[in-house]
Amino acid sequence: MKTPYCETGVKSTKMADTDLSAGQRKRALLLRRILAERRRRMLTQRAVLSYHEARWKRIPVLLLILCILLNSRNSNRIVTRSCRRVSRNTGWWLNVWNTYSDARFKKLFRVSKGTFLFILGQIRHDLVRDTVCEEPISPECRLAICLYRLARGDYLYTIAEMAGVGVSTVCTIVSEVTEAIINNLWKDSVVAHFPSDEAHIKEKMLDTEQLWQFPCGWGAIDGCHLPLKCPAGGLEACKEYYNFKNFYSIILMGMVDAKYRFIWASCGYPGNSHDSTIFKSTKLWEDMTDGEIIPQIGKDIGGVTVSPLILGDSAFPFKPWLMKPFTNAVLTPVQSNFNYRLSRARMVVECAYGQLKGRWRILLRKCESTPVELRSACLACIVLHNICISRGESLSRKLDLTIDPNSNEMRDRATIRRLLNMTECERIPDTNREAIRIRNSLAEKLWLEKQGHGVS
């Protein structure tokens, strides 16, 4: 028989062993749960990484498919690259051409839409541009920018902001278009009106006599200043281009027929040059002196054979073919009448300059262009002036500088010459005896006409 102590002791030992096993089981269970949670998290992260990796691998494939689709869709379309940070404003010219009326269009560009298309058709081949990195400016827009510059004389920056192009682009366009106008249209618009045969010279003389009542004249010549900023070249350039009117300029020497058309012109000489010096340095002077241009025809007036005459002022040399007024200190009534009739006939060149500078204001305002650029612009304006006359493009009286806008009447001669910056050079003495005989004969004829004798 076991003692209680022994039974009690044995029983206590077994109970301790049972309690210890339960704690271990709890710890083991907890450890398994922790490990399972870690494994679950690790598998979840691995699945997420695998998903994103697979997604990124699909993006290049999708982009490649998209590029193939776009390329197949736009295979016939020309894709142009641009180096511009800001896109061009292409709506200006389209808005002008599609919405402006003919009157508003002519007010803006000084020519009608029909004349614009005519000019464009003559020079389009010189205005087409092919580029790979930029959408080229159309020939229509190029011509419009050039005409706007010539008509308004605005600053290059203003035109660039309006058209949505750079300042250098505007400068390049104006230079290229003016050169294209000169190269393609000068011969047909200016040279064609210069008399080349006997019938043509007689036609010019008849127009002068009927419209301006001066016999034997076929053209009037004079010069005017075109203002510009002081050109580069230092002190020497300042002296050459600074004229007696106290501003920098180049000189336009032009010859005009009785219908205000320019038949000859020379432009580009510095503003300090004398009219006679300019004229003597031209090829026209050499040809006229050699007698190679004007046909050897003449009209008998008072027993003197009068050849076709160019009408000029006292600053030009006196020749049998170049008529100028009397320069005596005291004039007789006959001489005064001759000077008046000659001055009235020479008004045609001043009126032509008034229309030229009134229509194309770049020749009137101070220009920031170089002398070479201004010369090209001037010659192009002369071509456009003759085209407007040939096509019947009338000039508004508000633009004609010879008309007073307040009274709507002709300005006086001094005001016209001041507004147009006409040249005023020193007189050249009259030394040619044959020319003096011709002038005296013409003076007597015009005086008899004034007295009502009707001498032919």
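Suppose we filter the range 340-349 for residues that are crowded, with 22+ Cβ neighbours inside 10 Å and closer than 24 Å to Ile387 by Cβ; how many remain? Summing the residues that are crowded, with 22+ Cβ neighbours inside 10 Å and closer than 24 Å to Ile387 by Cβ in the range 340-349 gives 2.
For the range 224-247, a residue qualifies if it is at pLDDT 95 or above and touching a helix residue (DSSP H, G or I) at 6+ places or on another chain (Cβ under 8 Å), and the qualifying residues are Cys224, Leu226.
Just one residue in the set Leu363, Leu331 is touching a strand residue (DSSP E or B) at 6+ places or on another chain (Cβ under 7 Å) and either over 21 Å from Arg261 (Cα atoms) or surrounded by 15 or more Cβ atoms within 10 Å (Cβ to Cβ) (or both); that residue is Leu363. Filter the range 269-305 for residues that are polar (S, T, N, Q) and under 13 Å from Trp321 (Cα atoms) and give the result. Hits for the range 269-305 are Thr289, Gln296, Thr305. The number of residues in the range 143-170 that are at pLDDT below 95 and not small (Gly, Ala, Ser) comes to 13. Across the range 386-418, the number of residues qualifying as without any contact (Cβ under 8 Å) to a residue 60 or more places away in the chain, outside any loop (DSSP other than H, G, I, E, B) and under 28 Å from Ser189 (Cβ atoms) comes to 2. Of all residues in the range 252-293, those that are touching a helix residue (DSSP H, G or I) at 6+ places or on another chain (Cβ under 6 Å) and aliphatic (A, V, I, L, M) total 7. Taken over the range 107-152, residues that are surrounded by fewer than 17 Cβ atoms within 10 Å (Cβ to Cβ) and closer than 17 Å to Glu368 by Cα amount to 0.
Residues that are touching a Ser or Thr at 6+ places or on another chain (Cβ under 8 Å) and not hydroxyl-bearing (Ser, Thr, Tyr): does the range 190-204 have at least one?
Looking through the range 190-204, none of the residues is touching a Ser or Thr at 6+ places or on another chain (Cβ under 8 Å) and not hydroxyl-bearing (Ser, Thr, Tyr).
On inspection, Ile159 does not qualify as over 21 Å from the mean Cα position of the chain (by Cα) and surrounded by 15 or more Cβ atoms within 10 Å (Cβ to Cβ).
The values are calculated or read from the model by the stated rules, or taken from the named source; none is laboratory data. These figures come from a predicted structure and were not determined experimentally. No Cβ is skipped: glycine too gets one built from the backbone with ideal geometry, and neighbour counts run over all protein chains shown.
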